[in-house]
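Have a look at the structure below, then the notes.
The values are calculated or read from the model by the stated rules, or taken from the named source; none is laboratory data. Because the structure is predicted, anything quoted here is derived from the model rather than measured. Using ideal geometry, Cβ is built from the backbone for each residue, glycine included, and neighbour counts are taken over all protein chains shown.
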């Protein structure tokens, strides 16, 4: 990969939580970070806070359910930098109406998928031409334990009691995107992995997770900062490979 001072990353959902922590740590490492935010004002505030620490961070409007903002963000990055070294697909939502398959509201499942899967796919497709301009590009998809079929199928798993179909299925679909995209981009030398942040206390879960955002951001940060991509098409937790 290029020298740290020349590395360029886009972090979606970067204005708070794990995304903000990823942006902060990449900025501290000397990267130029594009901080994607659905609410541009919130993004500008977050970027300004990171710039106070000396980081090269700029906000960009990206709403995963608004294709025009995705296209405009890609155009802005192309005009300014001409390439992208790392795409961190961090943005995601849940819905209070989510629930078990027999009871969940269909609109809730669709809403979650529109952002977590279809929106992430749209961002990835829009940024691929920029990633192809990098000598060693990486795509990091922020997934979840809840998207693991192996763990969901284990009645003794510690989170087996959580059965939220929309969120869990959207993350399982995101993992499928990772596997297939890794195969598609192998010859291009673009590494694609899913990351498992673990149960992290953020707005997404009402701050009920037992981990800090620093801990939750670590798998994605480690993949981004590694000198060489050790693997592609994997589900990466904190210091280990997790089961699909």
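Below are the figures for this structure:
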{"read-out": "Region 232-242: number of residues that are in a loop (DSSP other than H, G, I, E, B) and surrounded by 13 or more Cβ atoms within 10 Å (Cβ to Cβ)", "value": "5"}
{"read-out": "Exclusive hit being crowded, with 20+ Cβ neighbours inside 10 Å and closer than 23 Å to residue 115 by Cβ, set 65, 77", "value": "77"}
{"read-out": "Residue identified as touching a strand residue (DSSP E or B) at 6+ places or on another chain (Cβ under 8 Å) and either more than 26 Å from residue 196 (Cβ to Cβ) or part of a helix (DSSP H, G or I) (or both) among 68, 46, 79, 75", "value": "46"}
{"read-out": "Scan of region 54-74 for residues that are farther than 11 Å from residue 38 by Cβ and out of contact with any helix residue (DSSP H, G or I) (no Cβ under 7 Å at 6 or more places or on another chain), ordered by number", "value": "54, 68, 72, 73"}
{"read-out": "Number of the condition not met by residue 157 [criteria: (1) touching a helix residue (DSSP H, G or I) at 6+ places or on another chain (Cβ under 6 Å); (2) surrounded by fewer than 21 Cβ atoms within 10 Å (Cβ to Cβ); (3) in a helix (DSSP H, G or I)]", "value": "(3)"}
{"read-out": "Subset of region 55-75 [over 18 Å from the mean Cα position of the chain (by Cα) and without any contact (Cβ under 8 Å) to a residue 24 or more places away in the chain]", "value": "68, 72, 75"}
{"read-out": "Options 183, 188, 201; residue that is over 15 Å from the mean Cα position of the chain (by Cα) and modelled with pLDDT under 95", "value": "201"}
{"read-out": "Residue satisfying all of: in region 213-228; touching a helix residue (DSSP H, G or I) at 6+ places or on another chain (Cβ under 8 Å) and under 16 Å from residue 138 (Cβ atoms); surrounded by the fewest Cβ atoms within 10 Å (Cβ to Cβ) among these", "value": "225"}
{"read-out": "Check on residue 112, free of Cβ contacts under 8 Å to residues at least 60 places away in the same chain, crowded, with 17+ Cβ neighbours inside 10 Å and assigned to a helix (DSSP H, G or I)", "value": "yes"}
{"read-out": "Residue list for region 56-65, filter: farther than 16 Å from residue 16 by Cβ and touching a strand residue (DSSP E or B) at 6+ places or on another chain (Cβ under 8 Å)", "value": "56, 58"}
{"read-out": "The lone exception for residue 49 - which of (1) under 19 Å from residue 228 (Cα atoms); (2) at pLDDT 95 or above; (3) surrounded by fewer than 23 Cβ atoms within 10 Å (Cβ to Cβ) it fails", "value": "(1)"}
